[in-house]
Every structure is written in structure tokens, then in C-alpha cells.
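Working notes for the structure below.
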Amino acid sequence: MKQYFIIDFDSTFTQVEALDELARISLKKHPDREIIYQQIEDLTNQAMEGKLSFSESLAARVKLLEANKADLEKLVKHLKKKVSTSFSRNKAFFKKHADDILIVSGGFKEFIIPVVTHYHIKTENIYANTFLFNNDDEIVGYDTNNPLSQEGGKVTLLNMLKLEGEIFGIGDGHSDFQLKESGVIKKFFAFTENIERKAVAEKADHVTPSFDEFLYVSDLPQAISYPKNRILCLIIGNVSNDSINILKKDGFSIRHKAIFEDKYIQDVGMLLLADGEKIEPNQLKNAIKLKTIGYLGNSKNNIDSQICTQMGIVLFDDAKKSATNKAFIPNRMADFINKGTTHMSTNFPNLQLPRIDHAHRLIHIHKNVPGIMAQVNKILAKHNVNIVAQFLMTNPQIGYVITDINTQYDKILLKDLKKIENTLKFRVLY
């Protein structure tokens, strides 16, 4: 059955609400700009949460804008830099499914079309409102005959389109949920990468903190193999917001705790600790999903690096306690998760890697015994896999193999690589 993907624009495809941003451009010199900004933002939120009809909210916001075509040009440049991170990295998906993706928004074509067509979305598949201008190119209103300018407009439009197949909706607002409520789509995904509206999320079939998550649960092709929002990043102790925000911005699931609580041991994938914090050896041994540890200071006597090595856990610390470590350590952790880079780790062979597009990167960490590389390549050959690039580094304890392969392969390959004797950890990066 043919599938269609109905995607919202504001706070979904982009990180921001476009009319809010337009106000900040058009009212930049207005003496009461801060008051008006807040009024527009409040009207946006009331409509998105279902507390005010969309038509009332839209009319009031447009009236407050005092914008013109020159302001719209500035807005478009701004919005192109504000595409949601997970949408941006999945550009290949939009190209492949160009016929199946519809942008349906209560926003305006004048700023939506220039942004989304850059992602291979067809102009004829973009449904939104249109502004009305006077002879001086000032916005004086909008086409009120467009169903998307009215309450329940997305439902009206989808009923008019009469799409045949499975229809999935992705958005952050009440108007997106109405598509599911009315029965015109099969499943509604509440998109929370930029903002979470609890009244909407509670009603969703699935809450998706990123577009990667949507693709993952829908078994669709994606740029990364596993959504970063599913990787639990546990932060322990007095860690600065600067450090936390680096990892949060990258999309990891953040938990900040005063101590390392045992209930997280089985699920933690990343661990960032303040200077002076300690992890017991038995806790390390039970953290079977843990991939990397960052320590904001000297980890000696606080982290057993030998156990980390034996379990294939990459440790980054800053023995000199540099003032810059609040950014340096979390960036190293993110680079390892995102690219496999172990540069400047405490316990691993140092490997600094470029990202290779149109390939899947496999990480194989194993005990440094003879014959592992031969076994890896034998399995790859058995599955007729095309190797794009391969890297190997060792130290006396472990071997670290990175293999970039063609994206077309049998998933049984991954199971076979995990079964190699002396394997410590194996994962697909992207």
C-alpha cells in the first residue's frame, strides 16, 4: 500500500515558529516590540495547544506583524539556517520519497517554498496559506478562502485531496493531531525535537524526539542507524550547563543526577562525570550498554580504566584539568558516538576519522589477538559486501576496527560480526 507523509513546517521542519521570527524582523525598530513579540508568541502557543481557534490566532498575529516583502526575504535566509537538525541530516530520505511527502502548514507559502524545496520536496506538494500585499509590498492580510486559514483546515484539505494509502502525520501542534482525531491519517507522531506541547504529546500514537526516531520505528531508510534520542546520556555531579548543552543539542537523551543511581546501570550509553565523582568497578562491569565515559578532570583513582578497556568503553578525561575541558570532553564523547573517533582517549588506540557519505560505518572492538581482522574480512566477503574504507588501530589490550561499507547488505552480516570470538563491542554508527 502506498504511504504518504504529512509534515508540519513551524517547529517541526524548522526549529522555530516563522511568524514569531518574522515579527522580530519587521518590528525590530518598533518602540513596543517586546510587548508585541510576546503577544504573537502567546497567540501561537494558544492555537498550537488547542486553546484558541487557529483562524482567530492567525488573523491576530498577521495584524500585529507590520511586515513587507523585504522582511520576508530576510526571514527566508534565516529559516534556511533553522531547519531541524534531524530533518537536515535525512535529506536523502526526502529525495527518495519526493512523491510521497506533503508539507501541510498553517504558515505561508512565501517563506515555506524557498526552504523546503531545497530538500527535494515538490512545490505541488506544499500546502499552505498565501499573503495579500498592497502596492507598497506590505502584508495587508491573507487569502481567507484557503481552508488552511480556518480552524480544522488541515482536516478539510486532506479530505479534499482524497489520498489513497497509509497516511502518517508528523507535527507539534493541535492542528496536526486533529488529522488523527478525524480519522484521515493512520498514525500521528508528535514531534518534540524543538518543543514539546504536552497536551498534544499525550494524544499522539508515538512521541518522536527526532525525525530519526520516526524513520526508525517506521522501518524506513535513515541517515543514522540508531536514533540518538534513544542513547541515554547520564551526567553525574556538578557539571556546567555548557557541557550539558553540547550533548543535549546533539540529540542524546539527557539525565542529570547528583549520584550514579543503580537503576540506570543497565541502560546508560554515555556517562559524563564532574571532577571528583567516582564509579565503582562493579557498576562499570554491569553497564553493558555503556560506550563512552567523559571525566571532567583526572579520572585516575576514580574510574578503573582497565575495566573500561576490557569492556570496550572509550574513556576521555582531562588530567591537567584545563579550563576548556567543559567543552573538550563532551565534544570528544559526541565525536566517538557520531564518527567513531577515539582521538585523545585515555585507554583506546587513537583514531581520528572523516565521515564518509553514502556508506554505513561499522565499529568492531575486540581483544588484541591474532586473526580477528581476517575473520572480519572473511565475513564481509561471504556477504558480498563492498568495502568503501577500512581503518585498524591496536594497543596491547584491544583492536579497534572501523569499516565503511556500501549501504546495501544483508542484516545477517551484523549478527555474524557480533559472533566473532573475542569481540568486546560491535555497533553500526550510521
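Determine whether region 107-118 contains at least one residue that is more than 27 Å from Y226 (Cα to Cα), in contact (Cβ under 8 Å) with a residue 12 or more places away in the chain, surrounded by 16 or more Cβ atoms within 10 Å (Cβ to Cβ) and over 29 Å from the mean Cα position of the chain (by Cα). Scanning region 107-118, I find no residue that is more than 27 Å from Y226 (Cα to Cα), in contact (Cβ under 8 Å) with a residue 12 or more places away in the chain, surrounded by 16 or more Cβ atoms within 10 Å (Cβ to Cβ) and over 29 Å from the mean Cα position of the chain (by Cα), so the answer is no. Hey, can you tell me all the residues within region 224-271 that are more than 22 Å from I363 (Cα to Cα), surrounded by fewer than 17 Cβ atoms within 10 Å (Cβ to Cβ) and polar (S, T, N, Q)? Passing the criteria: N238, S240, N241, N245. Scanning for something within 17 Å of I244 (Cα to Cα) and at pLDDT 95 or above, does region 298-306 turn up at least one residue? Checking region 298-306: not a single residue is within 17 Å of I244 (Cα to Cα) and at pLDDT 95 or above.
Right, E196: surrounded by fewer than 22 Cβ atoms within 10 Å (Cβ to Cβ), outside the structural domain of N302 (by TED's automatic domain parsing), among the acidic types (D, E) and at pLDDT below 95 or not? It is true that E196 is surrounded by fewer than 22 Cβ atoms within 10 Å (Cβ to Cβ), outside the structural domain of N302 (by TED's automatic domain parsing), among the acidic types (D, E) and at pLDDT below 95.
In region 275-314, the qualifying residues are those that are under 26 Å from the mean Cα position of the chain (by Cα) and surrounded by fewer than 21 Cβ atoms within 10 Å (Cβ to Cβ), and the one that is farthest from A334 (Cα to Cα) is I288. Take the conditions (1) outside the structural domain of I235 (by TED's automatic domain parsing); (2) assigned to a loop (DSSP other than H, G, I, E, B); (3) surrounded by 18 or more Cβ atoms within 10 Å (Cβ to Cβ); H366 misses just one of them, which is (2). Scanning region 310-363 for residues that are in a loop (DSSP other than H, G, I, E, B) and among the charged types (D, E, K, R) yields D318, K320, K321, R355, D357.
Per-residue answers, yes or no, for (1) of a type in the set (A, V, I, L, M, F, W, C); (2) assigned to a loop (DSSP other than H, G, I, E, B):
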residue: Q266; (1), (2): no, yes
residue: L271; (1), (2): yes, no
residue: N282; (1), (2): no, no
residue: K289; (1), (2): no, yes
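If I filter region 7-19 for residues that are surrounded by fewer than 21 Cβ atoms within 10 Å (Cβ to Cβ) and under 22 Å from the mean Cα position of the chain (by Cα), do I get at least one hit? Yes, some residue in region 7-19 is surrounded by fewer than 21 Cβ atoms within 10 Å (Cβ to Cβ) and under 22 Å from the mean Cα position of the chain (by Cα). Against the condition surrounded by 22 or more Cβ atoms within 10 Å (Cβ to Cβ), assigned by TED's automatic domain parsing to the domain that holds E166 and assigned to a loop (DSSP other than H, G, I, E, B), how does I121 come out, does it pass? It is true that I121 is surrounded by 22 or more Cβ atoms within 10 Å (Cβ to Cβ), assigned by TED's automatic domain parsing to the domain that holds E166 and assigned to a loop (DSSP other than H, G, I, E, B). Of the residues I195, I170, the single one that is out of contact with any Pro (no Cβ under 6 Å at 6 or more places or on another chain), of a type in the set (V, I, T), part of a loop (DSSP other than H, G, I, E, B) and over 26 Å from K291 (Cα atoms) is I195. Can you name the residue in region 124-142 that is under 17 Å from D10 (Cβ atoms) and of a type in the set (S, T, N, Q) and is also surrounded by the fewest Cβ atoms within 10 Å (Cβ to Cβ) among such residues? Looking at residues that are under 17 Å from D10 (Cβ atoms) and of a type in the set (S, T, N, Q), I get T130. Hey, does region 90-98 have a residue that's under 24 Å from F131 (Cα atoms), out of contact with any Leu (no Cβ under 6 Å at 6 or more places or on another chain) and either among the aliphatic types (A, V, I, L, M) or assigned to a helix (DSSP H, G or I) (or both)? Looking for residues that are under 24 Å from F131 (Cα atoms), out of contact with any Leu (no Cβ under 6 Å at 6 or more places or on another chain) and either among the aliphatic types (A, V, I, L, M) or assigned to a helix (DSSP H, G or I) (or both), one finds none in region 90-98, hence no.
Given the options V104, V155, V184, name the one that is of a type outside the set (S, T, N, Q) and in contact with a Ser or Thr (Cβ under 7 Å, 6 or more places away or on another chain).
Only one candidate passes the filter, namely V155.
Looking at F188, F214, just one residue is in a strand (DSSP E or B), touching a Phe, Trp or Tyr at 6+ places or on another chain (Cβ under 9 Å), hydrophobic (A, V, I, L, M, F, W, C) and buried (at least 19 other Cβ atoms within 10 Å of the Cβ), and that residue is F188.
Regarding F87, is this residue more than 22 Å from the chain's Cα centre (by Cα) and part of a helix (DSSP H, G or I)? For F87, the condition - more than 22 Å from the chain's Cα centre (by Cα) and part of a helix (DSSP H, G or I) - is not met. Could you please give the count of residues in region 408-417 that are surrounded by 12 or more Cβ atoms within 10 Å (Cβ to Cβ) and at pLDDT 90 or above? Total meeting the criteria: 4. Of the set (1) of a type outside the set (D, E); (2) exposed (fewer than 14 other Cβ atoms within 10 Å of the Cβ); (3) over 29 Å from F93 (Cα atoms), all apply to N386 but (3). Residues in region 2-40 that are in contact (Cβ under 8 Å) with a residue 12 or more places away in the chain and more than 23 Å from Y127 (Cα to Cα): R24, I25, S26, L27, H30, I36, Y37, Q39.
The values are calculated or read from the model by the stated rules, or taken from the named source; none is laboratory data. Just so you know, these numbers come straight off a predicted model, no measurement behind them. Cβ sites come from the backbone with ideal geometry, for glycine too, and all protein chains shown count toward neighbours.
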